[in-house]
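J.: Let me give you the structure first, and then I'll get to my questions.
A short reminder: the numbers here are calculations on the coordinates, not readings from a lab. All of these numbers come straight from a predicted model, not from anything done at the bench. Heads up, the Cβs are rebuilt from the backbone with ideal geometry, glycines too, and the neighbour counts pull from every protein chain shown.
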Amino acid sequence: MKICTIILARGGSKSLLKKNIIDFCGKPLIAWTIEDCQQGEAGHVYVSSDSGEILEVSTRYGAIPIDRPFSISGDNATSESGWLHALNLIEEKEGTPDWILAPQVTSPLRTADDIRRGIETALSKDYDSLFSCSIAEDLFFWKKQSNGLGSVNYDWRNRKRRQDFDKQYIENGSFYLFRPQVLRENNNRFGGKIGIVEMEFWKMFEIDSQEDLRMCTALMKEFLLDRKIK
């Protein structure tokens with residue numbers, strides 16, 4: 001089975017300047033994702049970006065650069081458009097892969113083991129697409145309604161014990177796996193039979209602000225840094 005990795009990393013970031021290559025625990029943020037995919041045996045690792053600086057950093061860490069056109073790099077551009085553009089170029093060089101791994105740069109708390117488990121799940125089960133997730137425990141959602149607040153994922157009038165709730169999964173965005181035909185036919189990362197790859201709850205946090213950066217730095221140092229730098 002042939003797998004390739006496509007990492008999307010736009011240059012523009014309004015909330016955190018140069019977010020994708022900001023220093024995170026001693027390395028550019030994108031380096032952690034590249035290395036996780038390399039160590040997780042996720043095939044050739046491509047980085048698609050409209051930023052020459054991001055592509056230079058990514059190349060330095062062993063990724064293959066793809067120039068992403070500005071027409072699909074704006075705030076309104078979808079991830080799917082970036083993946084499709086990269087896939088077309090990859091197919092010209094090495095044919096169509098069986099699976100695409102699509103990790104998120106701003107989720108550095110994953111490990112190569114998480115990537116490896118995702119690939120093993122994809123290859124061992126009859127799935128067409130998968131997503132990384134965390135188990136939602138004691139998360140009860142509410143939303144504003146015309147007549148006030150209303151509960152979303154449970155009935156507040158008949159509140160059950162925690163152990164009586166069905167398992168609920170949070171799509172944590174850390175990475176996705178999908179077959180190329182799913183992406184092409186649906187213009188969507190999901191399609192066919194959908195599977196999950198469970199990760200620890202604290203791995204779901206991502207970096208989109210200065211506060212996120214501080215929190216994820218603390219989590220990395222507490223749980224992962226010693227293991228990742230060996």
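J.: Quick one: what are the phi-derived ³J(HN,Hα) couplings along segment 47-57, Karplus 6.51/-1.76/1.60 with θ = phi - 60°, whole Hz, x for glycine and proline?
T.: 10, 9, 8, 8, 10, x, 5, 5, 5, 5, 4
J.: Got a sec? How would CYS37, CYS216 order by Cβ neighbour count within 10 Å, fewest to most?
T.: CYS216, CYS37
J.: Please report, in whole Å, how far the alpha carbons of the chain spread along each principal axis, starting with the longest.
T.: Extents along the principal axes, in whole Å: 58, 39, 38.
J.: Something else about it: Express in whole angstrom the spacing between the alpha-carbon centres of segment 157-222 and segment 70-116.
T.: 17
J.: Still on this model: When the chain is treated as a GNM, springs tying every alpha-carbon pair under 10 Å, which of GLY150, GLY11, GLY118 comes out with the largest mean-square fluctuation?
T.: In the Gaussian network model the winner is GLY150.
J.: Given C-alpha coordinates of segment 130-172, what is the ratio Rg to Rh with the Kirkwood estimate of Rh?
T.: Values: Rg = 12.4 Å, Rh = 11.9 Å.
That ratio is 1.04, to two decimals.
J.: Using only Cα atoms, figure out Rg for segment 6-117 and give it as a multiple of 2.2 N^0.38 Å.
T.: Ratio of Cα Rg to 2.2 N^0.38 Å: 1.00.
J.: To make sure I understand the rule: partners must be lysines, Cα under 27 Å from the Cα of LYS228, and not fewer than 8 residues away in the same chain. Which ones qualify?
T.: LYS2, LYS18, LYS19, LYS27, LYS203
J.: Over all pairs of distinct alpha carbons, what does the Kirkwood formula give as the hydrodynamic radius of segment 126-230, in Å?
T.: 16.9
J.: A follow-up question, please. How much net charge surrounds THR5 when only the other residues with a Cβ under 12 Å from the Cβ of THR5 are counted, with Lys and Arg +1 and Asp and Glu -1?
T.: Result for the neighbourhood of THR5: -2.
J.: Now a separate question. Roughly how big is segment 140-212's charge dipole about its Cα centre, with Cβ charges of +1 (Lys, Arg) and -1 (Asp, Glu), in debye to the nearest 20?
T.: 460
J.: I would also like to ask the following. Arrange the following residues from fewest to most other Cβ atoms within 10 Å of their Cβ: MET1, MET199, MET204, MET215.
T.: MET1, MET215, MET204, MET199
J.: Pick from ARG184, ARG214, ARG161 the residue whose mean-square fluctuation is largest in a GNM of the chain, springs joining Cα atoms under 10 Å.
T.: Among ARG184, ARG214, ARG161, the largest mean-square fluctuation in the Gaussian network model of the chain belongs to ARG161.
J.: May I pose another question? List the residues, sorted by chain then number, that are 5 or more residues from LEU101 or on another chain and whose placed amide H is less than 5 Å from its amide H.
T.: CYS4, THR5, ILE6
J.: Out of residues 5 or more away from GLY195 or on other chains, whose amide H comes under 5 Å of its own, with H placed 1.01 Å from N in the peptide plane?
T.: ASP128, SER129, LEU130, PHE131
J.: Select from ASN76, ASN153, ASN188 the residue whose mean-square fluctuation is largest in a Gaussian network model of the chain (Cα-Cα springs shorter than 10 Å).
T.: In the Gaussian network model the winner is ASN153.
J.: Could you work out how far helix 79-94 tilts from the main Cα principal axis of the chain, as a 0 to 90 degree angle to the nearest 10?
T.: 40
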